[in-house]
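The values are calculated or read from the model by the stated rules, or taken from the named source; none is laboratory data. Values in this document were obtained by computation on a predicted structure and should not be read as measured data. Cβ sites come from the backbone with ideal geometry, for glycine too, and all protein chains shown count toward neighbours. Side chains are part of the model used for accessible areas, which takes the heavy atoms of the whole protein and leaves out ligands, DNA and RNA. Shrake-Rupley method; radii C 1.70, N 1.55, O 1.52, S 1.80 Å.
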Amino acid sequence: MRNASEIIEQYLKQSLLQSPNGVIEIQRNELAEQFQCVPSQINYVISTRFTLEKGYIVESKRGGGGYIRIQKVSIGKQGTILDYILRTVIDSIDQTTSEGLVYQLEEGGFISRREAKLIKAAISREVLVVKLPLRDEIRAKILKSMLLALLSK
């Protein structure tokens, strides 16, 4: 059985897929009522599962007519994906950002689930056992090299 956070996440992702422009606006309190949870549960799902690293832009407006707007951003086609990687992975990249990039590539169908798992294993802080900032520099070189090898034709 899935937990409430997973159910809310799937609902929001499905709503985004059905949205003609890839944007949804939600009322936090209404969504909390729909899922019979506290509004902070909605905040938790959005702040942990709809991040920029995972390919989402979240904008919120507080107050009486407030809303939360979620937009899925795509990283483009095969040709522009390499440019995106070169812009994103410069000299240094932290683990959260690198995992977010890998997640976006997997979600976009650019790499397989297995390839994503291999990349994440190679760039994890448990494997790169050196101090910062060297760890983030090594991670960037490994990540860029692996992605370019996988995505270049």
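Each residue in region 119-132 was checked for being surrounded by 15 or more Cβ atoms within 10 Å (Cβ to Cβ) and not in a loop (DSSP other than H, G, I, E, B), and 3 pass. Quick check on GLU99: is it within 20 Å of GLY55 (Cβ to Cβ) and of a type in the set (Asp, Glu)? Criteria met by GLU99. Restricting the first member to region 133-151 and to residues that are in a helix (DSSP H, G or I), and the second to residues that are polar (S, T, N, Q) and open to solvent by 50 Å² or more (accessible area, probe 1.4 Å), the beta-carbon pairs closer than 6 Å and six or more apart or on different chains are ASP136/SER92; GLU137/SER92; ALA140/SER92.
For residues in region 99-117 being part of a loop (DSSP other than H, G, I, E, B) and open to solvent by 40 Å² or more (accessible area, probe 1.4 Å), which is modelled with the lowest pLDDT? Restricting to residues being part of a loop (DSSP other than H, G, I, E, B) and open to solvent by 40 Å² or more (accessible area, probe 1.4 Å), the top hit is GLY108.
Against the numbered list (1) surrounded by 15 or more Cβ atoms within 10 Å (Cβ to Cβ); (2) assigned to a helix (DSSP H, G or I); (3) among the hydroxyl-bearing types (Ser, Thr, Tyr), THR96 comes up short only at (1). Applying a threshold of 8 Å to beta carbon distances and a minimum spacing of six or more residues, or different chains, the list of pairs starting in region 18-37 at a residue that is at pLDDT below 90 and ending at one that is part of a strand (DSSP E or B) and among the polar types (S, T, N, Q) reads GLY22/GLN71; VAL23/GLN71. Here the helices (runs of 4 or more DSSP H) wholly within region 1-49 that include at least 1 residues being out of contact with any helix residue (DSSP H, G or I) (no Cβ under 6 Å at 6 or more places or on another chain), under 18 Å from TYR67 (Cβ atoms) and open to solvent by less than 40 Å² (accessible area, probe 1.4 Å) are 4-18, 39-49. Of everything in region 50-70 that's modelled with pLDDT under 85, out of contact with any Lys or Arg (no Cβ under 9 Å at 6 or more places or on another chain) and under 23 Å from GLN10 (Cα atoms), which residue is least open to solvent (accessible area, probe 1.4 Å)? So the residue we want is THR51. If only residues of region 84-115 that are under 17 Å from ALA140 (Cβ atoms) and small (Gly, Ala, Ser) are counted, the one that is nearest to the chain's Cα centre (by Cα) is GLY100.
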